[in-house]
Amino acid sequence: MNKKAMFYCQHVLGMGHLIRSAEIVRGLVASEFDVSFLNGGEIAEGFKLPADIELINLPPIKSDAEFRELRAADSEQNLEEIKAARRQRILVEYERLQPDVLVIELFPFGRRKFAFELIPLLERIQTDGRRTKVVCSLRDILVSKRDQERFDDQVCLTMNRYFDLLLVHSDPQFQRLEETFPRATEIKCPIRYTGFVVQQSEIFAIAEARAADTFQILASIGGGRVGCELLEASIAASGLIANEHPHRLQIFTGPYLPTEEFNRLQQLAAGKPHINIERFTPNFLEHLHRANLSISMAGYNTCMNLLTTGTPALVLPFNGNNNEEQTIRASKLEQLGVVNVLRDGELVPATLAEKILRVGKQTNSAKPKLDLSGATTTAELIKQLFPKAQASGVGR
């Protein structure tokens, strides 16, 4: 009989957490788990989970661009009322499902503002004798906090009180937990590295996909709540080189880009038939396969996509609110020859145009031997929490 998994995901700004979580639950389903997916953010039109996953949409909550405050996705709704409704709904779903395992994405290393609904759930599991195993699903790099010591104290306390396993979705040869959480040794539950979680796509010949007569540039900014300046600069740079260097520029703005900014981009691209602008595609990886050059930010999923496809890339790390996560990742990937980092001052159209021409001529032959088996290994490690699960020998 299949084990039952309840997976909690709260994306507040972009789509990265949602996309990575979707790949993880696909891996759980493939490993014969029955999965119920608690989604706390806005779902983009066109984004779909596999049909055999039960999707439970909570009243959505989002964040401002600086991660400073929570907001109701529907501005006409009262945030406190939404929080109360979500807290109750999560407990109801737990009682209904009686899951064998609860997987919580990021918390308590992030999403501390969602303790209002997660701590009551974890307390209920404690009251029930911890029959449900509790797992933290964590990306490779953490964000520093203003009151770091107090934050670290709370993380260790929460992990040691409630959690049975910490899964770090990274290759330890590339990034270890203690690099951005030095007190990892104080965590009592097992810590396991899964390898990076990557999106899967239909397999086809990449070389043939890029053999088109016209040079293909793909520009994107994830969910779209930040990074519009990168797309504006890409349109301007494209205009500078269009006559001497014919190409096509495909832009994906992200589903959460404000309407006024989307309209402004369309105005900037007016009269330039080689530029196409769309909000979102569920087939992004196929577009990246076909591209001769990618221009993007440096989030986890984007960088994993670049590792998967080998597409030459220019990346602009997001650094709002002193967030160094993308800068750290991009710098390490640049050292491995996977990406070229755009730095402050380089979004000037002429400078970006020069970089497009230079990087676009590269053939990205860098194939660092990083572990990309995160989704499969995650499922294997969770199965090992149960006595009847066959040990696979996957370790720390």
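Quick note: the coordinates plus some simple rules give every number you see, no bench work behind them. These figures come from a predicted structure and were not determined experimentally. Because the Cβ atoms are built from the backbone with ideal geometry, glycine has one as well, and the counts that use them run over all protein chains shown.
Nearest 10 degrees, 0 to 90: what angle lies between the long axis of helix 228-241 and the longest principal axis of the chain (Cα atoms)? For helix 228-241, the angle is close to 20 degrees. Across the stretch 206-360, the relative contact order, built from alpha-carbon pairs under 8 Å that are at least six residues apart, equals 26 percent. Among I141, I328, I19, the largest mean-square fluctuation in a Gaussian network model of the chain (Cα springs under 10 Å) belongs to I328. Once C-alpha pairs closer than 8 Å and six or more residues apart are averaged by separation and normalised to the residue number of the stretch 15-138, the relative contact order reads 18 percent.
The relative contact order of the chain, computed from alpha carbon pairs under 8 Å that lie at least 6 residues apart in sequence, is 17 percent.
The label point for R161 and the one for V348, both projected 7 Å from the Cα toward the Cβ, are 5.4 nm apart.
Choose one of A72, G129, L58: the residue whose Cα lies farthest towards the positive end of the charge dipole of the stretch 1-135 (beta-carbon charges +1 Lys, Arg; -1 Asp, Glu; about the Cα centre). Of the listed residues, the answer is G129.
Using the Cβ-Cβ distance between S331 and D153 with R0 = 35 Å, the FRET efficiency computed as 1/(1 + (r/R0)^6) comes to roughly 0.75.
Counting only Cβ charges, +1 for Lys and Arg and -1 for Asp and Glu, the dipole size of the stretch 206-360 around its Cα centre is about 160 debye. Summarising the amide proton neighbourhood of L293: residues at separation of 5 or more, or on other chains, whose placed amide H is nearer than 5 Å comprise Q216, L218.
Considering only A298, A115, A375, give the residue with the highest GNM mean-square fluctuation for the chain, with springs between Cα atoms whenever their separation is below 10 Å. Between A298, A115, A375, it is A115 that shows the largest mean-square fluctuation. To the nearest 10 degrees, how steeply does helix 259-269 sit against the main Cα axis of the chain, on a 0 to 90 scale? In the chain, helix 259-269 runs at an angle near 30 degrees to the longest axis. The DSSP beta bridges internal to the chain are antiparallel in roughly 5% of cases. Do the sum for the chain: with -39,500 (n - 2.57) for every DSSP H run of n ≥ 4, divided by all residues, what is the mean residue ellipticity at 222 nm, to the nearest 500 deg cm²/dmol? -11000 deg cm²/dmol, from helical runs alone. Derived scalar couplings between HN and Hα for the stretch 43-48 equal 8, 6, 4, x, 7, 9 Hz in order, rounded to whole Hz, by the Karplus curve 6.51 cos²θ - 1.76 cosθ + 1.60 (θ = phi - 60°), x for Gly and Pro. Straight-line cross-link reach from K3 at under 13 Å between alpha-carbon atoms covers these aspartates and glutamates, not counting any fewer than eight positions away in the same chain: E32, D34, D100, E380. Ranking C156, N39, V92 by Cα position along the charge dipole of the chain, where only Lys, Arg, Asp and Glu carry charges on their C-beta atoms, puts C156 farthest toward the positive end.
Between their Cα atoms, which of K4/K48; K4/K113; K332/K355; K332/K383; K113/K332; K145/K188 are more than 24 Å away from each other? Check vs 24 Å cut-off fails for K4/K113; K332/K383; K113/K332. For Kirkwood radius over Cα pairs in Å, the value computed from the atomic coordinates appears in the list [x] 22.0; [y] 25.7; [z] 21.3 under label [x]. Here r is the Cβ-Cβ distance between N276 and E123 and R0 is 51 Å; the resulting FRET efficiency, rounded to 0.05, is 0.50. Using θ = phi - 60° in the Karplus curve 6.51 cos²θ - 1.76 cosθ + 1.60, the 3J(HN,Hα) couplings for the stretch 24-32 round to 5, 5, 4, x, 5, 4, 5, 9, 6 Hz; x is entered for Gly and Pro. For the chain, modelled as a GNM whose springs connect Cα atoms under 10 angstrom apart, the maximal fluctuation among E244, E286, E179 occurs at E244.
Can you tell me the orientation of helix 300-309 relative to the chain, as the angle in degrees between its alpha-carbon axis and the longest Cα principal axis, to the nearest 10? Value to nearest ten degrees: 60. The charge dipole of the chain, taken about its Cα centre with unit charges on the Cβ of Lys, Arg, Asp and Glu (plus for the first two, minus for the last two), comes to roughly 780 debye.
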